[in-house]
Amino acid sequence: MNILEKNIQALASGTNEPLALKLNDFLKNQKCTRFSLDENLNIFDLKNQVFMYSDVNQEIDYFKNAILEKTLRYPFVCIYGIGNALLLKSLISFYKHIFIFESEIELFILALSVIDLSEELSNGKIYLVDINEEKVNIQLSMLFDQKDMFEYLSLYEMFINCSYYEKYFIEEIEKIDHIINDNINLVIRNLDPEGKLSLICYKHFIQNIPLMLKSIPFQRIIQKRKNQFENCIVVCAGPSLEKQIPLLKKYQENFVIFCADGAFPLLYKNDIIPDYILNIDIDEYPITFFKDIKKEKLDKTLFISTLHTHPKVISYLLECNINVSLPLAINVPYQNININEFGYIEAGTHVGHVCYTLALLLEFKNIIIIGQDLAYNDKGNSHFSDFALGENIDNTLNIPSLKILAYGGEGEVLTHLAWDDYRKKLEILFASNTQAKFYNATEGGARIAFTEELSFKECCLKFANQNKKILEIPKKLTLNRGNKFLKKVIEIFKKDLYIINQTLEDAKFLYNALEKILLNEDKLTLEFLVKFYENIENFNSLIEQNLILHDGNLKNVLYCRGENLSKIILTKISEEEKYLSLYFVIYKDWLIFFREKLNEKKEILNNLVQNL
């Protein structure tokens, strides 16, 4: 196996299978016609009739030193242009991750023919990004959300491989720089930097555990119902929904209907009974959607809600004898309780997202979307008229607005930042699940990539080829089995509390030690400071390795740590003693925030264990 084959195999098995497939396809069907490599490893550009490097070694050394000077103590670096890969190889030992961005497939081929990077490509130390990849946004959002990346996103800067790229690829550099910044901002917003939502969701999760044990185990629903039907409709509550109601009513027996909770009153008023109603709200206002309904009409409908939904909503539905199921969200704190019979689902941040993931879990092949406007209509409304919370409710939320590409690809529509973030997350979901086809039949609002736009009428005519059969509602757990599960969960939470208490003790000890060091730093040697820095790194490793501590509920706390430490890194302080002194000040302050949030989590757990 030659170097190129080895590198491509490492790409395929490690960090970037789509690029590996693209490289193999190129090698089978094409040859390098624009770029060639000489015996000195200089690259000649036949189109512009110019060598990439004026002097290979001299230019690589120059850009290496320039990058290192500007990235002192950076955990990662982003570079435009792979060149002959010699610069990349010379920088490997200085960073945890190196991201290389390139638009030319031939340059990938030439560079990967020169140097064996297979180990670094396999373990993710080097990540090659093809900026022409259709799903580049998906790749970047996943990369920047890694646990050793999201803390330090404020350090992002795009560096250049050599002068050649700056001269001939400036448009490509500006394009990917814009895309990267867009994805970084999306990741940071999703981190909940202020920590307002994370612990609320955790509190609801804890409070909903007893309610979950009284509901239908979600895994039973999936086991009994998956692959029963091919075609479904997801109904959201955008302003375009009203015009689709007549067709939805006509064809409701031909499709399984997933309904966002806010859209339910409009469907119910028009005698359309959905098969699934979904909700993920942390507020109790969704109860409004289910007032004054005849419960017997919903005897075959399943209400699916994640465990961070407001407990009053769940309690209300259970009291009304509505069929409720509460799956656990797919992330660490939920999976840690290890009661797999209740199943897991990717919840996302909006109710539509969980509608689509449920449809995927049930193995639908054709998923038709209506009411997913993600934009204001021409009257400035955010929802259909008579929406329970007001047709212009989003106008009252004071969210920054922007214009984006409209449905159909012509013109623009007005949206807001939260909807736009949601649209991007949906595009990631749709692009990542090619086993199903997504048809956007909203006929209004924003364009959503990785969907086929088709009118609702055409969708109905194309897919209304069978009547849906009535499926049984799975049974709940017996009282005895539910109590056994509850005891099991409480024992797990007691162990979690022990770990949290130990961590709080360690954090307190570390804080007190830092206070003493900062009071006496003039008397301490550099050797001592370096040794104590290792203690901090050990504490950081403990947090990262422990699933109770390094979970979504403390993610904003960890982001705060990296964001504040990045401010010191950006000062480019070369003197180790001065850098460590500033580092200790920042870390001591962060420990106050960390202990505060961890104590809040401890109180939430304590309340459940003591009350039950």
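No value in this document is a laboratory result; all are computed from the given coordinates. Only a predicted model underlies this, so the values are computations on that prediction, with no experimental measurement involved. Here Cβ is always computed from backbone atoms with ideal geometry, including for glycine, and neighbour counts include all displayed protein chains.
Quick notes on this structure:
- Counting only the Cα atoms, the chain fills a convex hull of 181 Å³ per residue.
- Rounded to 5, the percent of DSSP beta bridges in the chain classed as antiparallel: 20
- Ordering of 453-463, 419-429 by burial proxy (mean other Cβ atoms within 10 Å per residue, highest first): 419-429, 453-463
- Most to least packed among 70-78, 141-149 [average Cβ atoms within 10 Å]: 70-78, 141-149
- Cα gyration tensor, segment 1-109 - rounded (a/c under 1.5), prolate or oblate: oblate
- Scalar couplings 3J(HN,Hα) for segment 38-54, obtained by applying the Karplus form with A = 6.51, B = -1.76, C = 1.60 to θ = phi - 60°, are 8, 5, 8, 6, 8, 9, 9, 9, 5, 5, 9, 6, 8, 7, 5, 10, 5 Hz; x denotes Gly and Pro.
- Enclosed volume per residue, in Å³, of the convex hull spanned by Cα atoms of segment 3-190: 112
- Charged-residue dipole, Cβ positions (Lys, Arg, Asp, Glu), the chain about Cα centre, Debye nearest 20: 2880
- Among THR396, LEU318, ILE369 - extreme Cα towards positive end, dipole of the chain, charges at beta-carbon: LEU318
- At q = 0.19 Å⁻¹, base-10 log of I(q)/I(0) for segment 415-567 (Debye sum, equal scatterers on each alpha carbon): -1.19
- From the C-alpha gyration tensor of segment 481-611, square roots of 5λ in Å: 35, 14, 11
- Dipole-positive endmost among LEU143, LEU155, GLN49 within segment 49-173 (Cβ charges, Cα centre): LEU155
- Here the dipole of segment 481-611 is about 860 debye; that uses its Cα centre as origin and unit charges on the Cβ of Lys and Arg (positive) and Asp and Glu (negative).
- With 10 Å bins from 0: P(r) over segment 383-446, alpha-carbon pairs, percent: 18, 42, 33, 7
- Efficiency of FRET between TYR62 and LYS96 - r from beta-carbon atoms, R0 25 angstrom, step 0.05: 0.55
- About its Cα centre, segment 1-115 has a charge dipole of approximately 340 debye under the convention of +1 per Lys or Arg Cβ and -1 per Asp or Glu Cβ, with nothing else charged.
- Considering only TYR165, LEU565, SER93, the residue lying farthest towards the positive end of the dipole of the chain is LEU565, judged by Cα position with unit charges set on Cβ.
- Three semi-axes of the equivalent ellipsoid, segment 548-612, Cα gyration tensor, whole Å, largest first: 33, 11, 7
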